[in-house]
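J.: A single structure is presented below for examination.
The values are calculated or read from the model by the stated rules, or taken from the named source; none is laboratory data. Please read all numbers here as calculations on a predicted model, not as lab measurements. Heads up, the Cβs are rebuilt from the backbone with ideal geometry, glycines too, and the neighbour counts pull from every protein chain shown. Side chains included, ligands, DNA and RNA excluded: accessible areas come from the protein's heavy atoms. Shrake-Rupley method; radii C 1.70, N 1.55, O 1.52, S 1.80 Å.
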Amino acid sequence: MSTTPLAEPIAAPAPHERDTIAAAEVLVTSPDRNFVTLRITTGDGLVGLGDATLNGRELAVASYLRDHVVPLLVGRDAQRIEDTWQFLYRSAYWRRGPVTMAAIAAVDTALWDVKARRAGMPLYQLLGGASRGGLLAYGHASGRDVPELLDSVRRHLDEGFRAIRVQTSVPGVRTVYGVASQPTSTGGRYDYEPAQRALVPVEEDWDTRAYLRHVPGVFETVRNEFGPALPLLHDGHHRMRPIEAARLGKALEPYDLFWLEDCTPAENQEALRLVRQHTTTPLAIGEVFNTAWDYQTLLREQLIDYVRGSVTHTGGVTALRKIADQAAVYQIRTGFHGPTDISPVGMAAALHLGLALHNFGIQELMPHSPRTLEVFRTSSTFTGGYLHPGDEPGLGVTYDDEAAAAHPYEPAYLPYARLHDGTVHDW
Ligand code: GCO
Ligand code: MG
C-alpha cells in the first residue's frame, strides 16, 4: 500500500524590514468633541491612520487598543491586512461588539492607509478605482418650528447640499433627536455636537403618538415648498415599534422620501418584515451594527434598501467592503453613516470606499468643526453637492500633534430618553 505524501505546513514569508510595524500609538483628542485615532508607523517611517472613535465610550476602545492590540501589532507585516483582520477577530475568541470592532477598524484602516501610501495612490485606486465622479452627500436640516426648518433647508441648499435630511421638533415633546437647540438664523447648527457634554447622560423626553401625528404634515410642507425633485431623508432614530414604523412609512409615501432611517431598533431583524409588508418608503438601517451578521436577515430577505454602517464601527474598510458586496447581490445600496462622531479619518475611508463601490447610494455629511479640521488636515472636498476624497496617496489625512495637544479628552455622554410616564425609551 502506498501512502500519499501530506503537505508540509508552509509559513508566509517574513516581512520585508521596511514593512514591519515599528510603532502603533493611540491618540485621544477633543477638538470640539472626542476622537480616538490609531497611528501605525512602519520600519521605513510610513505612517497610517485609523479612526477608533465610539461616541460616549471612547476610552474603552483606547484601552482595548493600547492594552490588548498594540502589543500584538509591533513586528507584524503591515502589508498583510486581511490576515491581521482575521487574526485580531478570531484570536480574541470574544467576537463582535462595538468596542472590539472599532478597535479592529482602526488597525484595518491604518493598514490600508499605509498600503496606499506605499503604492503612491489614493486608497480608492487600490479598491478598484473610481466608479463615479463624486459622492452625493446629504446634510442635516432641522427646526424647532416649520419656518425655522424651511430656513435651515434653504441654508443647506445655499451651502451646496443637493439632498437633505429633515428633522423636526414635535409639539408636546421638549427635545427631539436631530434638532439644533439654537435657531439656525443665529448660527445654531446641529452638526458639531449632538451630545450635551455632561458627567451623566442628559435626560430627554419622548411621545411616539405625538411624533406620528406631526411628521407627515411637516413633510407635506417641505415637499410643497421645495418641489418634487429634492431628495429628502428622515431619521426615526430607533424610536418606533414595528407597527408604528409601518404606519409612518405608509403616511410618508406621498412625499417620496429618499429613505426612512432606523425606523425601529433592528436588533430584531425580523421586525423589518412587518414594516416592509406595509410600505414602499425606502428603508435604511445599520449605523449601530458592527458585523455582517447583524445584516444577515435584512439583506437576504431584502428588507432594507440602504446599508448604514461606517468604516469606523463595522471593522474597517475590509469588513465594510464585504458587507457592501453582499448587499449588491440584492441591489441594496450604501448610505454610510457620517456624523461628526466619525473622525475625518473614518470619513476619508468611507469616501474612498464609496467612490470605488458600484452600489454606492449616498453619503451622510455633518461638517466637522474648524477646530477638528485643524487637528485632522484632510484633502477631501465638497463641491456642487458631491464629496471627493482627493488624490493624495493613502487616505489623504494628516494628524497635527501640536494642534491635538491643545484639546485633552473631555467626558461626554449621549443623551437618553424617557416617556412621559418615566419609562426609559430608545434614544
Ligand atoms: C445619524 C446618527 C447620529 C447618531 C450619533 C450617535 O444618522 O447621523 O443617528 O446622529 O445619533 O452618531 O453618536
Ligand atoms: Mg441615524
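J.: Radius of gyration and Dmax for the chain's Cα atoms, expressed in Å?
T.: For the chain, the Cα radius of gyration and maximum Cα-Cα distance read 22.0, 89 Å.
J.: Segment 115-177 to segment 243-308: how many Å between their Cα centroids?
T.: Distance between centres, Cα-based: 20 Å.
J.: Scan around Gly394 for amide H atoms under 5 Å from its own, H built in the peptide plane at 1.01 Å from N, and keep only partners 5 or more places away or cross-chain.
T.: Arg117, Met121, Leu123
J.: Right, next: How much accessible area per residue does the chain have, counting only protein heavy atoms and a probe of 1.4 Å, in square angstrom?
T.: Details: 17890 Å² over 427 residues.
I get 42 Å² per residue for the chain.
J.: Could you tell me the relative contact order of the chain? Use alpha-carbon pairs under 8 Å, at least six residues apart, and round to a whole percent.
T.: On the way: 929 pairs, mean separation 91.5, N = 427.
21 percent.
J.: Enter the per residue convex hull volume of segment 260-328, computed from alpha-carbon coordinates, in Å³ rounded to the nearest integer. Write down the numbers at each step before the final one.
T.: Numbers: hull volume 4.9 nm³, N = 69.
In segment 260-328, the Cα hull volume divided by residue count equals 71 Å³.
J.: Take Asp391, Asp44, Asp19 and sort them by solvent-accessible surface of the protein heavy atoms, 1.4 Å probe, largest at the top.
T.: Asp391, Asp44, Asp19
J.: Shape verdict for segment 313-427, please, from the Cα gyration tensor: rounded (a/c under 1.5), prolate (a/b greater than b/c) or oblate.
T.: oblate
J.: Right, something else. Spelling out what I want: for every residue of segment 372-384, take phi, set θ = phi - 60°, compute 6.51 cos²θ - 1.76 cosθ + 1.60 (Karplus), and round to whole Hz; glycine and proline get x.
T.: Each residue of segment 372-384 in turn: 4, 6, 7, 7, 9, 8, 10, 8, 6, 10, 10, 9, x Hz.
J.: Let me ask another. In nm, give the distance between the simple-model label positions of Arg300 and Asp151, each being 7 Å from the Cα along the Cα-to-Cβ direction.
T.: Modelled inter-label distance: 5.1 nm.
J.: How large is the dipole of the chain about the Cα centre if only Lys and Arg carry +1 and Asp and Glu carry -1, each at its Cβ, rounded to the nearest 20 debye?
T.: With Lys and Arg at +1 and Asp and Glu at -1, about 700 debye.
J.: Turning to a different aspect of this structure: Give me, ordered by chain and number, the residues 5 or more places off Thr381 or on other chains with an amide H under 5 Å from its own placed amide H.
T.: Under 5 Å from the amide H of Thr381: His388, Gly390.
J.: At what distance in nm do the modelled label points of Val329 and Glu402 sit from each other, each positioned 7 Å from its Cα along Cα→Cβ?
T.: If labels sit at Val329 and Glu402, their model points lie 5.2 nm apart.
J.: Based on the alpha-carbon gyration tensor of segment 29-72 and its eigenvalue square roots a ≥ b ≥ c, which shape applies: rounded if a/c is under 1.5, prolate if not and a/b is larger than b/c, or oblate? Mind showing how you got there, number by number?
T.: Details: a/c = 3.52, a/b = 1.49, b/c = 2.36.
Oblate is the answer for segment 29-72, as a/c is 1.5 or above yet b/c matches or exceeds a/b.
J.: I need the phi-derived Karplus couplings for segment 34-48: 6.51 cos²θ - 1.76 cosθ + 1.60, θ = phi - 60°, integer Hz, Gly and Pro marked x.
T.: Values, residue by residue: 7, 9, 10, 10, 9, 10, 9, 10, 8, x, 9, x, 6, 10, x Hz.
J.: If you plug each phi of segment 125-130 into the Karplus form 6.51 cos²θ - 1.76 cosθ + 1.60 with θ = phi - 60°, what whole-Hz ³J(HN,Hα) values come out, in order, with x for Gly and Pro?
T.: Running phi through 6.51 cos²θ - 1.76 cosθ + 1.60 with θ = phi - 60° gives 5, 5, 8, x, x, 5 Hz.
J.: Leaving out ligands, DNA and RNA, what percent of the accessible area of the chain is carbon and sulfur, probe 1.4 Å?
T.: 53
J.: Moving on to the next point. Please state the shape class of segment 1-79: rounded when a/c is under 1.5, otherwise prolate if a/b exceeds b/c and oblate if not, all from the C-alpha gyration tensor.
T.: Since a/c reaches 1.5 and a/b is larger than b/c, the shape of segment 1-79 is classed as prolate.
J.: Within the chain, which is the longest segment that contains none of the GluC sites (Glu not before Pro) sitting in a DSSP loop with at most 12 other Cβ atoms within 10 Å?
T.: 1-158
J.: Restrict the search to segment 1-104; then list the chymotrypsin sites (Phe, Trp or Tyr not before Pro) that DSSP places in a loop and that have at most 12 other Cβ atoms within 10 Å of their Cβ.
T.: Answer in residue order: Tyr93, Trp94.
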